[in-house]
Amino acid sequence: MENNQRFSDRPTSLPPPFPGQNRMSVPVSLHSTKLVVRPLPSLPVEIIATILDYVPVSTLMRCARASKKLREMAYDDSRWVNKLVAMGVWNEGEARRRFEDALKKKRIAQAKFADEERRRRAASIGASVEPRKSIGMGDTLFDVNEHEAKANGSAAAVSKLAQDVELMGLSTQSDIQAPVKEKPKLVGVDTSDPTLTVLSDVRSARGFARQEYGRVYAALWPYYIDLVSARNHADPVVFRRYRNPEDQAVMLRQLGVFSESDSSLGWAERSSRLNSMSSIFENAVLREFEGGYEESDYDGRMKRYANVLILLNGGQGAIDLFVAKHYLMFERERLGNPMDCFTNLHSADLSMEPARRFFTLLSEAVNEQSSIIDRIFPPDVDVMIPFLERIGEDVIGEYISPLLEETHDRDIESYLKCITDIYFSVVQFSKSIHPAKGSERNFTDDITKIVVRIFEPHYDTYLQEELDHFRRLCEEEVETWEKKITDEYTATESFYLSNINRQADKIDFLASFKKVILMPVNAIPLPPMKQINLAFPLPLPMNPFMRPKPAVTVAPPSISDAPTDNPYEVTPDVTDSQAVENAAPPTPISDGRVTPQPQTAPTTELAAKAAILNTRMEGIRTLFSIELALDLVHKAKTALERAGCFVRFQGRIGEEAKEQCEQIFICLINILGQRHVKSGFDKAVTHLSQYNPRELSTAEEDEQVIVKPLVQFMELVNVGDLIQQMLDVFYEQELVAHKLTDKNDFLNPAIKEKKRFEQMLDERVAAGLNTGIDVLIKEVDYVFAKTQKPTDYNPGIVGDLGFPTDLGPSEAARKVVSLVASHTKLLVGSTDKNVLDVFNQEVGMRLWSSICKHLKIQRISIDGAIVLISDINHYTQFIVKLRNSGLTQYYNALRELVQIYLIDPQHAKQMAAVIADGTRFKGIFTVEEVYEFVTRRSDWYQIKKDVEKAMYGFGCSVM
Amino acid sequence: MASDEYDFLFKVVLIGDSGVGKSNLLSRFTRNEFNMDSKSTIGVEFATRSIQVDSKTIKAQIWDTAGQERYRAITSAYYRGAVGALLVYDISKHITYENVTRWLKELRDHADSNIVIMLVGNKSDLRHLRAVTTDEAKAFAAENHLSFIETSALDASNVELAFQNILTEIYRIVSSKVLPENEHGGSIPDRGIPLSDQPKNDQGGGKCC
């Protein structure tokens, strides 16, 4: 077989593994050792194996010749794999793939073997042997095949093995090597010299580790041993053989790697020698690099020596040097002094213009550096990020820290504004930086991390201050307002009622409120890094940042053609795509105010609506104010927007910022709810309960009867509802929409607080309504007492007015209905439907009892019954409109009942049947009650006897 | 109490089975309304409307009664003083027509003998569901000396006419009687008198206009 032949053709005598070693002495020495050793008990295999781990390679080879057993151990593939692993050149994945491929191929090959023997032979040999040979220096150092073939002594086994070897190691070489191993690019290195690439050429193949290592060993060991024993740095062969610094760097690195596999005696010393050699070399190169730096020879010396350093050890030294020696670190002052932002020496007046200028200059400088970095460093080294880290730490950090501290000391408000302003500036700055060629794909993420690091020392104080400031502001606001109204309260107690289309007003108002809330205020920058296409170098990235957007009509020219995603922003009518408004973060206005210009329109619109609403609801102005609520909500919005910037940070800062945002919301609800609305309601309820209709002047005898405190209270309910809806919109739009809080987390404090507010509102409303109903019914009773004439139901009593001609409810009934209706109507749309239903039910029931009570003190004639029936029908009509079936039943019973007044006296007996007919009144009136009503007939004393006789039988009359 | 001037005031009752459309006839006539899902009337409802006959203003006081009232004591109160009655049945429900006889009997028993009765076949819009032919009802009406009309409160056909007709008829009868009666004044002392031509004196049964 040819395979056999091939392997048997291999030289049986190996080339000397190491130069200068006497082969001939080996068998002799071994022999003698054997002789000496034989009487000794042999050591356990494990110990021998461990010992062998520490034996120098040359000795190991010698041992291998001692005996089959030792050779087996010395040749053990895992030993060599370990060495390769130590050097970091073993690729387990590749090895496995190779192995699996080999198995597969073997199977195919076996199938084909029998019938396609000849063809296969010719092809495989031709394809496989050649590349192997072209690489192979030292690949015959150990010949496992030969050894194993001999060991097995079987021709068949040899042929099979040879086949394996061929498949695993050789024939698959070309197609596996390329994808698996990524060779570092060796710029400026003579790659034709195999010694320089020996490490990168190592293949990972099981069963061949020894050969691979042998190759490396043969190439590097002489240099290694020479270098570590050299007395000075000029001495070693490496430096003499390779004159080129790039080659030297590569060699040094290879030797460094190689030293990792050196585990024999004295390795530590050798390794440190090597390291010190390397550092001498590195220092020399760095000096060159620095020299180039000082001369700004970017493309020449710097570039070259950066490359050398990268070849040597990844170039960290060069990067460090570059960053550390960068002029930006030393010339920070040139870019701007943080104290320039204070327009006044002592006051807190801030102008962010200098800060902005600072960042612009910085950005320009950094971008300039970015291109320099591209020139100096090859694209596979990331210099930008370490550079920016330093910039962030040393330049920006140093700049903003004193600025923030100073503002914090001077005035909290401007501090809060300042920090967000700076934040925008930094974000803007980070966006304006072009990635260098060497930047990795997560460049933006890395920049974000840097930004986070810049703000890390400040955000804690900031968030706390933001909350405190907001709370303080709100409290002040509410207090001033309360004080103001207590002053006014005594003076003016006139309530103004306008009943016109309250609901439409409210919807209108809420709509514009929502609009304002939805308006992206410029304090909220759009998510950074998204809109700007970083791959696209923006020539004028600082433009929108530099110039505050002056007004809605003028768009700062910018190159970004991202569409504005702000539906409320007035997009200027420009056809030139160059001038399309930048979608990049809106700009804080120069005076540091966070509320931006474009918001003005809806805000004023809202203000106008609020004013309109306020005049309409003037009556409740003294109890709590929608304006104030609006104001507080606005303040909360501003605060949230500021704090919201920090939410985008990942991790702890983001979480804490979120929490703080929720806290702000909670604070808003607390102050608005507990302090403002609740006390307002309480006042209203007190006011309501003190109301006494009889104390009212008799002047208002007109149709429009109203219970003013109740109206007032209902208006209050309206406003309360409005405030609640406002908070709801605010919550949805500001917190949920911006993902500041999780809506579905029912344990979330913000949600809990919101629920509590709503509950509080409901309770107040309920309490107020309860009192309100009392008052209303009191008023109803009063109207009954005042307007119901005795002749209404008993016309015959005065002269012969007689038969009522004009059918219709009496004045009293009309007044009562209009009174109750006008009040129930007030609540529609202002409160929860359930609350409304309960209220209506209660009002209906109380009215019903009032009517019954009222009936029982009237005298009703048969003619008057018609009026009474009309009245009752009138009440019922009103009740039916409330759509409350329970109530309607009561009134229907009343309608049935009042018919007994129609009954002619001659039917007295049958009247008794009607009275006793419980089903007729559906259990709402008992027989006794009906009887009581019947006694109100004007002719009762004439028919009493008959009725009672019919009702209680004749027994009574016997008495 | 009277808010407007009138020459005659007539009380007219609407009777008939439950669900034949009495309340809607009334609301159509007095308010020109129709309520699709009206509930059955409880007790009694009143409405008034004035019409002009021979340059006289006639005020109709219409009582819309509950069709299912069981107590005669109460139903008789409905009829008391009524001078006209619209006996309504539903042309799509034959049973309501059959019950007309019973209602007639009740009227004869409780109402004034001179009461003017009009048979009204309501819901004439439900042509496809018609269960009582016009001729049959017409014949029945003639037999019992009733006037007859078919109406639809839903599409308002004949509603106006029905009331107009009955009020005119009453007016004719009353005006022919009033003058002679007026001569001896207060000839009808019964307080259930069907006629009243003056608001001030309905008990007296008549006065100069």
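The values are calculated or read from the model by the stated rules, or taken from the named source; none is laboratory data. Computed from a predicted model, the values in this text were never measured in an experiment. Using ideal geometry, Cβ is built from the backbone for each residue, glycine included, and neighbour counts are taken over all protein chains shown.
Just checking, which of A:Asp871, A:Asp863, A:Asp917 is modelled with pLDDT under 85, within 23 Å of A:Ser810 (Cα to Cα) and among the charged types (D, E, K, R)?
Only one candidate passes the filter, namely A:Asp863.
Condition first: of a type in the set (Gly, Ala, Ser) and farther than 14 Å from B:Thr41 by Cβ. Now tell me which residues in segment B:59-106 satisfy that.
B:Ala60, B:Ala73, B:Ser76, B:Ala77, B:Gly81, B:Ala82, B:Gly84, B:Ala85, B:Ser92
Testing A:Asn840 on (1) in contact (Cβ under 8 Å) with a residue 24 or more places away in the chain; (2) of a type in the set (S, T, N, Q); (3) under 30 Å from A:Asp721 (Cα atoms); (4) within 14 Å of another protein chain (Cβ to nearest Cβ), one condition comes back false. Which one is that?
Condition (4) is where A:Asn840 drops out.
Is there a residue in segment B:28-50 that is free of Cβ contacts under 8 Å to residues at least 40 places away in the same chain, at the interface with another protein chain (Cβ under 10 Å from one of its Cβ atoms), in a loop (DSSP other than H, G, I, E, B) and closer than 23 Å to A:Pro905 by Cα?
yes
Determine which member of the set A:Ala66, A:Ala114 is over 25 Å from A:Ala205 (Cα atoms), at pLDDT 80 or above and more than 59 Å from the chain's Cα centre (by Cα).
Of A:Ala66, A:Ala114, the one residue that is over 25 Å from A:Ala205 (Cα atoms), at pLDDT 80 or above and more than 59 Å from the chain's Cα centre (by Cα) is A:Ala66.
Quick one: B:Asp125 ticks every box in (1) in contact with a strand residue (DSSP E or B) (Cβ under 7 Å, 6 or more places away or on another chain); (2) modelled with pLDDT of 90 or more except a single one, so which number is it?
Tallying (1) in contact with a strand residue (DSSP E or B) (Cβ under 7 Å, 6 or more places away or on another chain); (2) modelled with pLDDT of 90 or more, B:Asp125 fails exactly one: (1).
What is the residue count in segment A:65-101 for residues that are among the charged types (D, E, K, R) and not in a helix (DSSP H, G or I)?
To start, the set of residues in segment A:65-101 that are among the charged types (D, E, K, R) comprises A:65, A:68-69, A:71-72, A:76-77, A:79, A:83, A:92, A:94, A:96-98, A:100-101.
If we keep only those that are not in a helix (DSSP H, G or I) as well, we get A:65, A:76.
Of the residues in segment A:65-101, 2 are among the charged types (D, E, K, R) and not in a helix (DSSP H, G or I).
Do any residues in segment A:897-916 that are more than 7 Å from chain B (Cβ to nearest Cβ) have Cβ atoms under 7 Å from those of residues that are among the charged types (D, E, K, R) and buried (at least 23 other Cβ atoms within 10 Å of the Cβ), where the two are at least six apart or on different chains, and which pairs are they?
Listed pairs, sorted by first residue: A:Tyr901/A:Arg937.
Among the residues of segment B:67-83 satisfying the criterion of being hydrophobic (A, V, I, L, M, F, W, C) and more than 14 Å from the chain's Cα centre (by Cα), which is surrounded by the most Cβ atoms within 10 Å (Cβ to Cβ)?
For segment B:67-83, the residue satisfying everything is B:Ala77.
Can you tell me which residue among A:Asn873, A:Asn892 is facing another protein chain (nearest Cβ under 9 Å), part of a helix (DSSP H, G or I) and either without any contact (Cβ under 8 Å) to a residue 40 or more places away in the chain or closer than 18 Å to A:Glu929 by Cα (or both)?
On the way: A:Asn873 fails: either without any contact (Cβ under 8 Å) to a residue 40 or more places away in the chain or closer than 18 Å to A:Glu929 by Cα (or both).
Testing whether each residue is facing another protein chain (nearest Cβ under 9 Å), part of a helix (DSSP H, G or I) and either without any contact (Cβ under 8 Å) to a residue 40 or more places away in the chain or closer than 18 Å to A:Glu929 by Cα (or both) leaves just A:Asn892.
Does segment A:191-207 include one or more residues that are of a type in the set (Ser, Thr, Tyr), under 52 Å from the mean Cα position of the chain (by Cα) and at pLDDT 75 or above?
Here is the first cut: in segment A:191-207, the residues of a type in the set (Ser, Thr, Tyr) are A:191-192, A:195, A:197, A:200, A:204.
Applying the additional criterion that residues be under 52 Å from the mean Cα position of the chain (by Cα) yields A:191, A:197, A:200, A:204.
Now drop any that are not at pLDDT 75 or above, which leaves A:204.
Checking segment A:191-207: at least one residue is of a type in the set (Ser, Thr, Tyr), under 52 Å from the mean Cα position of the chain (by Cα) and at pLDDT 75 or above.
Count, please, the residues in segment B:73-122 that happen to be modelled with pLDDT under 90 and among the basic types (Lys, Arg).
Count: 2.
Of all residues in segment B:63-82, which are among the β-branched types (Val, Ile, Thr) and at the interface with another protein chain (Cβ under 9 Å from one of its Cβ atoms)?
Answer for segment B:63-82, where residues must be among the β-branched types (Val, Ile, Thr) and at the interface with another protein chain (Cβ under 9 Å from one of its Cβ atoms): just B:Ile74.
Let's see how each residue does on (1) under 18 Å from B:Trp63 (Cα atoms); (2) surrounded by fewer than 14 Cβ atoms within 10 Å (Cβ to Cβ):
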| position | (1), (2) |
| --- | --- |
| B:Leu86 | yes, no |
| B:His94 | no, no |
| B:Thr101 | no, yes |
| B:Leu129 | no, yes |
| B:Glu136 | no, yes |
| B:Ser147 | no, no |
| B:Glu150 | no, no |
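So which helices (runs of 4 or more DSSP H) are wholly in segment A:375-446 and hold at least 2 residues that are touching a residue at least 40 places away in the same chain (Cβ under 8 Å) and touching a strand residue (DSSP E or B) at 6+ places or on another chain (Cβ under 9 Å)?
Correct list: A:397-410, A:412-432.
Pick from A:Ser850, A:Ser810, A:Ser861: which is surrounded by fewer than 22 Cβ atoms within 10 Å (Cβ to Cβ), under 24 Å from B:Gln61 (Cβ atoms) and in contact (Cβ under 8 Å) with a residue 12 or more places away in the chain?
None of the other options fit; the residue is A:Ser861.
Which of the residues belonging to segment B:89-125 are part of a helix (DSSP H, G or I), of a type in the set (A, V, I, L, M, F, W, C) and over 16 Å from the mean Cα position of the chain (by Cα)?
Answer for segment B:89-125, where residues must be part of a helix (DSSP H, G or I), of a type in the set (A, V, I, L, M, F, W, C) and over 16 Å from the mean Cα position of the chain (by Cα): just B:Ile95.
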